[in-house]
Amino acid sequence: MALRQIRIEGDEILRKNARIVEEITPKIKELVADMIETMYHANGVGLAAPQIGVLKRIVIIDVGEGPIVMINPEILKRSGEQEGIEGCLSVPGKSGIVKRPNYVKAQAVNLEGDVYTIEGEELLARAICHELDHLNGQLYIDIAEEMVDYDQENDQE
Ligand code: NI
């Protein structure tokens, strides 16, 4: 495993569409392991592959219950609304108020190549939406209602 460099806003790669993963190869497994190590090292709760310069549809999330690996993720259902403070490892030193659905149901492929569904509320729902946006070149600052003073306690995704 190895730490990868986190790309910062302004880097073009963060604005591109990531590509579907066709097959779970050893290289993909190594990439996921590196993403997990890099996310924990940065004290993040989520990381998308484009954030380390890889245009593949892979995100990892840990909201305190262990790492969730989502390959080729898609949101199937969203409902409710929450408004809260969001941060991003690619936008250091900033945070903003963002509206998100309070509940999402998503589908993804795991490292074994199996399709699974996951349901999340509150922080998990927010993290899923935030990370999936990264795969489509979107950052939370595009949709934030207002930017607020950075607080180190904020979750960085
Ligand atoms: Ni982010």
statement: The number of residues in the range 98-115 that are open to solvent by less than 50 Å² (accessible area, probe 1.4 Å) and more than 15 Å from Val148 (Cβ to Cβ) is 11
- request: Might you check whether a residue that is touching a Leu at 6+ places or on another chain (Cβ under 6 Å) and closer than 20 Å to Met35 by Cβ occurs anywhere in the range 133-156?
  value: yes
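Residue by residue, here is whether (1) open to solvent by 30 Å² or more (accessible area, probe 1.4 Å); (2) under 16 Å from Arg7 (Cα atoms) holds:
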residue: Ala18; (1), (2): no, yes
residue: Pro26; (1), (2): yes, no
residue: His41; (1), (2): yes, yes
residue: Gly46; (1), (2): no, yes
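Results for (1) in a helix (DSSP H, G or I); (2) out of contact with any His (no Cβ under 9 Å at 6 or more places or on another chain), shown as yes or no for each residue.
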site: Glu9; (1), (2): no, yes
site: Leu14; (1), (2): yes, no
site: Glu23; (1), (2): no, yes
site: Lys29; (1), (2): yes, yes
site: Val32; (1), (2): yes, yes
site: Ile36; (1), (2): yes, yes
site: Val63; (1), (2): no, yes
site: Val69; (1), (2): no, yes
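Okay, residues lined up against (1) touching a helix residue (DSSP H, G or I) at 6+ places or on another chain (Cβ under 6 Å); (2) away from the ligand (no atom under 16 Å from the Cβ); (3) part of a loop (DSSP other than H, G, I, E, B):
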residue	(1), (2), (3)
Tyr116	no, yes, no
Leu124	no, no, no
Leu132	no, no, no
Gly137	yes, no, yes
- line: Per the filter on the range 74-105, residues touching a His at 6+ places or on another chain (Cβ under 9 Å) and over 19 Å from Leu135 (Cα atoms) are none
- request: Tally the residues that are buried (at least 16 other Cβ atoms within 10 Å of the Cβ) and under 17 Å from Asp62 (Cβ atoms), restricting the search to the range 116-138.
  value: 13
Search result, residues across the range 139-157 that are at pLDDT 95 or above and either crowded, with 18+ Cβ neighbours inside 10 Å or within 11 Å of the ligand (Cβ to nearest atom) (or both): Leu139, Tyr140, Ile141, Ala144
task: Kindly indicate the residue of the range 76-97 that is part of a loop (DSSP other than H, G, I, E, B) and open to solvent by less than 50 Å² (accessible area, probe 1.4 Å) and also nearest to the ligand (Cβ to nearest atom) among those meeting that condition.
output: Cys88
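The values are calculated or read from the model by the stated rules, or taken from the named source; none is laboratory data. Quick caveat: nothing in here was measured; it's all calculated off a predicted structure. When we count neighbours, we look across all protein chains shown, and the Cβ atoms used for this are built from the backbone with ideal geometry, even at glycine. Heads up: the accessible areas ignore ligands, DNA and RNA and are worked out on the full protein's heavy atoms, side chains in. Shrake-Rupley method; radii C 1.70, N 1.55, O 1.52, S 1.80 Å.
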